[in-house]
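**Q** I have a structure I would like to understand better, so I am pasting it below and will then ask my questions one at a time.
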Amino acid sequence: MRCVICFEEILPEVTWSTFYKPVEEKKMCSTCASKNEKITVPGCTACFRMDSKGLCRDCLQWQKTSPGVLDGNKSVYAYNAFAKDFVARWKYRGDYVLLEALQEEIQKGLTGDREKQAVYVPLSEEREKERGFNQSKAIIQAAGLQPVSLFQRKHSEKQSKRKKRDRMEAENPFTLIETSPDPVLIVDDIYTTGRTVRHMASLLKAGGCPSVSSFTIFR
Amino acid sequence: MISSIRSYFPQRLSWIPTSRPPHEYFELAGKLLLKHEIPLSEEQISHLVSTSVLTKVDSFERHYFGPRCRRCGNQQAHFFATMPHASCGRDCTYCRYCIQMGRVLACEPIYIGSSNVKWPAPAHPCAWEGTLTPAQEMAADELVTLVQSGGGERLVWAVCGAGKTEMLFPAITKALQQGKRICLATPRTDVVRELLPRMKTAFPQVGVQALYGDSPDKRGNAPFLLATTHQLYRFAHAFDVMIIDEVDAFPFHNDPSLHFVSQRAAKPEAAVIYLTATPRKKQKRKIRYKKLPVTFIPRRFHGHPLPVPQLKLTPTLHRSLKKGELPTRILKSIAEQNLTHRQLLLFLPSIKKAEEIARFLLEEGYDVKAVHAEDTDRAEKIAAFRKKEYRMLVTTTILERGVTFPSVDVFVIDAGHAVFDEAALVQIAGRAGRSHEDPSGNVIFYHIGKTDEMLDAVDAILYMNRLGEKG
């Protein structure tokens, strides 16, 4: 076994249970796992931001500008330096299998939401070709759910290249192809300002969807 | 079965096209690129492919046990993975070893550019006006013959501060006059950064270019390139003269893929020159069995012997380091050293320790800065130290080689640590006494018990000094 992130050999722990059970396969070594910061106690109850108590400032702002669009966001890990490096390698360099390292935690994080329709964030054709895969589809597949396509996207700049202000004022890059009568879960890799998921959620709500929440790996 | 095993071992380069039609795309000459790395439009690319200026080649080859990446030579199974590829709709294998340089996928070919372009052949490219010492001249002559005859390898084993760079000038001049293409590759970015201005002033008419991880100019279309060995992932049969500086340095010496790419980057008929001050065991063995011709220069360019390290036992060293401090004994010698005109280089075994000690010394009131691999403004700090803007530099093994400061003393703290092997210690000791004006310097290894590596390093230095006296 080797760590998918740092390629170091992982030595399986030998305990009494290894006598009667096969060794659990680990994807990530303990050093890498320790650098990844899990969100144990969500600070903000609406968006899982770690460093605030009760509703965070962003969420209060959202309540004012677009109330009732998104029912809540769940995340698994904090977006720290290690996570930034991870996203850079996984998404931008295109190292697809890195996601296996987080698969287990993603599945755990999605336990209550398996009944919902897992909707992925579409990429423009151009970007999907360049990257070779759709990151949000990959997450849904890693969680063992069926990705549902409800949206289309016009080609636009990467969100991560923009300043916060530009992001907030950007027009909606998505168009709804189909509405859903069932509750929907939007899955993405990072929740930064919440702009992307709210763009999608507002369209869904306008189309008559009963409830829209979101799930991201990093917050 | 034997043939299947054999398929695993040789790294044949027969897939590189042998026909090299002439063309004028300098930025494609001898390149090995992914499609999106080619700075041309779709039509232009397909036109160049039809005229076989560019050749499409499968990115992986199969051997019995699995694939082999043709860009980096990797064939270890755990560095390959598959992904559902959106463009081709199938599960595609990709190489994780060289993914830092862009992803190589099984379904996407790599493009190899013909190396047959006409490089300018200036009559007098060299503007350097210094003179070589007799020892340097002898070595330089041997290298010129090698370049002229073309083909073959030679190792130049010269002590730290022998003037390896200057020794190369006649050979480089010769090659440029003949319209040949040269690459000087080294594992260290700092070395490339330091060499660039020196080469630019020595060869002003030739467009010397530097290629490294975040270099401003990435075109790589000059007849004379300075590059980190990692940049050679993008070249195939490109160079007539290949010079590899610091062959024994990390990461080159223990990364088989870098050996593979540097071999591939040179043309089959190229002259390959290796430079080092501290050959590894493998190279020494080759020298002993006369498999690798060698030029040995045991004397520095200024004729003075190498400073011999003093080993000083400091039993309280680890205890103090744990607290992020230095023992009083070392502090005292630092205080004494501060009264001299020389600057001070302090080597520590790890980045964390280097930062802690720099902070500690700052609190003690010294004029000090720390430089290490994760430092973003490392180049500026090194330049400032060279200009004598501050007195003391705390660093890790990244500055062990290739950098020159005119007049420094060198202290190694915890020289028994595993990162300081023989080669590293010899190189570190070689930082002292590198100029005409100040040909000596104090080198002190502080330790809590002598290690074999330290003793071997001292022996190696003494041995070279002995040889230097004779010659």
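**Q** Using all alpha carbons of the stretch A:104-219, what is the percent of pairwise distances in each 5 Å bin, ordered from the shortest bin to the longest?
**A** Final binned percentages: 2, 11, 23, 25, 22, 13, 5, 0.
**Q** If you stretched the chain out fully between B:ALA335 and B:HIS318, how much longer would it get, using 0.36 nm times the residue separation minus the C-alpha to C-alpha distance? Walk me through the intermediate numbers first.
**A** Numbers: separation 17, 0.36 × 17 = 6.12 nm, distance 2.04 nm.
Going from the current span to full extension adds 4.1 nm.
**Q** Using only C-alpha positions, report the orientation-averaged shadow area of the convex hull of the protein assembly as shown, nm², one decimal.
**A** Across all orientations, the protein assembly as shown yields a mean hull projection of 37.2 nm².
**Q** Something else about it: Quick check: convex hull over the Cα atoms of the stretch B:48-186, volume per residue in Å³, rounded to an integer?
**A** Spread over its residues, the Cα hull of the stretch B:48-186 gives 192 Å³ apiece.
**Q** What number, in nm² with one decimal, is the all-direction average of the projected area of the convex hull of the alpha-carbon atoms of the stretch B:373-471?
**A** Numbers: hull surface 28.5 nm².
With every direction weighted equally, the projected area is 7.1 nm².
**Q** What does DSSP give for the protein assembly as shown in terms of the percent of beta bridges that are antiparallel, rounded to the nearest 5?
**A** So the antiparallel bridges in the protein assembly as shown amount to around 25 percent.
**Q** Which three numbers, in whole Å and largest first, are the semi-axes of the equivalent ellipsoid of the stretch A:48-152 derived from its Cα gyration tensor as √(5λ)?
**A** 25, 18, 16
**Q** For the pair B:PHE26 and A:LEU60, how long in nm is the line joining their label points, each one 7 Å along Cα→Cβ?
**A** Taking the two extended label points, one gets 6.1 nm.
**Q** Quick one: net charge around B:ARG188, please, counting Lys, Arg +1 and Asp, Glu -1 for every other residue with C-beta under 12 Å from its C-beta.
**A** Combined, the nearby Lys, Arg, Asp and Glu give -3.
**Q** Right, something else. Work out the length of the dipole vector of the stretch B:61-204 about its Cα centre, built from +1 on the beta-carbon of each Lys and Arg and -1 on the beta-carbon of each Asp and Glu, and round it to the nearest 20 debye.
**A** 580
**Q** List, largest first, the extents of the alpha carbons of chain A along their principal axes, each in whole Å.
**A** 57, 41, 35
**Q** Where Lys and Arg each count +1 and Asp and Glu each count -1, what net charge lies around B:SER46 among other residues with Cβ under 12 Å from its Cβ?
**A** Values: positive: B:LYS35, B:LYS56; negative: B:GLU42, B:GLU43.
For residues surrounding B:SER46, the net value is 0.
**Q** What number results when the radius of gyration of the stretch B:88-127, computed over Cα atoms, is divided by 2.2 N^0.38 Å?
**A** 2.12
**Q** Starting from 0.36 nm per residue, how many nanometres of slack lie between B:LEU467 and B:ASP58 once their C-alpha separation is accounted for?
**A** Working: separation 409, 0.36 × 409 = 147.24 nm, distance 5.15 nm.
The span from B:LEU467 to B:ASP58 would gain 142.1 nm if fully extended.
**Q** Continuing with this model, one more query. Provide, as a two-decimal number, the C-alpha radius of gyration of the stretch B:308-434 over 2.2 N^0.38 Å, N being how many residues it has.
**A** Working it through for the stretch B:308-434, the quotient is 0.97.
**Q** Let me ask something else. Per residue and in cubic angstrom, what volume does the convex hull of the Cα atoms of chain B have?
**A** Convex hull volume per residue, Cα atoms: 173 Å³.
**Q** Follow-up. Of the candidates A:ARG93, A:ARG153, A:ARG127, which one comes out as most mobile in a Gaussian network treatment of chain A with C-alpha springs shorter than 10 Å?
**A** Result: A:ARG93 has the largest fluctuation of those listed.
**Q** Let's test the formula: R0 of 35 Å, r as the Cβ-Cβ distance of A:ARG2 and B:GLU364. What FRET efficiency results, to the nearest 0.05?
**A** Numbers: r = 45 Å, r/R0 = 1.27.
Calculated transfer efficiency: 0.20.
**Q** Pairs of alpha-carbon atoms within less than 8 angstrom and 6+ residues apart define the contacts here; what relative contact order does chain B have, in percent?
**A** After rounding, I find 14 percent.
**Q** Say each of A:VAL14 and A:GLU178 gets a label point 7 Å from the Cα, pointing the same way as Cα to Cβ; how far apart are those two points in nm?
**A** According to this spin-label approximation, the distance is 5.4 nm.
**Q** Taking the Cα centre of the stretch B:232-294 as origin, work out the dipole magnitude from +1 charges on Lys and Arg Cβ and -1 charges on Asp and Glu Cβ, in debye rounded to 20.
**A** 500
**Q** While we're looking at this one, here's another question. Taking amide H atoms as placed 1.01 Å from N in the peptide plane, list the residues 5 or more away in sequence, or in a different chain, whose amide H sits under 5 Å from that of B:LYS31.
**A** Counting only residues 5 or more places away or on other chains, the set is B:GLY113, B:ALA236.
**Q** Within the set B:LYS180/B:LYS281; B:LYS282/B:LYS450; B:LYS290/B:LYS312; B:LYS218/B:LYS381, which residue pairs have Cα atoms separated by over 29 Å?
**A** Table pairs above 29 Å Cα-Cα are B:LYS180/B:LYS281; B:LYS290/B:LYS312.
**Q** With charges only on Cβ, +1 for K and R and -1 for D and E, what is the dipole size of the protein assembly as shown about its Cα centre, in debye, rounded to 20?
**A** Here the protein assembly as shown has a charge dipole of around 300 debye.
**Q** Which stretch or stretches of the stretch B:379-413 have amide N atoms under 16 Å from the point lying 7 Å from B:ASP438's Cα along the Cα→Cβ direction?
**A** B:383-394, B:404-411
**Q** Based solely on C-alpha atoms, express the radius of gyration and the Dmax of the stretch B:213-267 in angstrom.
**A** Gyration radius and largest Cα-Cα distance of the stretch B:213-267: 11.1, 29 Å.
**Q** Starting from one equal scatterer on each C-alpha and no solvent at all, send me the Debye-based log10 I(q)/I(0) for the stretch A:1-110 at q = 0.13, 0.16, 0.18, 0.19 Å⁻¹, two decimals.
**A** -0.65, -0.87, -0.99, -1.05
**Q** Give me the Å³ per residue figure for the convex hull around the C-alpha atoms of the stretch B:2-113.
**A** 117
**Q** Stokes-Einstein diffusion coefficient for the stretch B:134-297 at 10 °C in a medium of 1.306 mPa s, Rh from the Kirkwood formula over Cα pairs: what value in µm²/s?
**A** For the chosen part, D equals 101 µm²/s.
The numbers here are math on the coordinates, done by the rules we state, and not lab data. Keep in mind it's a predicted model, so treat the numbers as computed, not measured. Note that we place each Cβ from the backbone using ideal geometry, even for glycine, and neighbour counts take in every protein chain shown.
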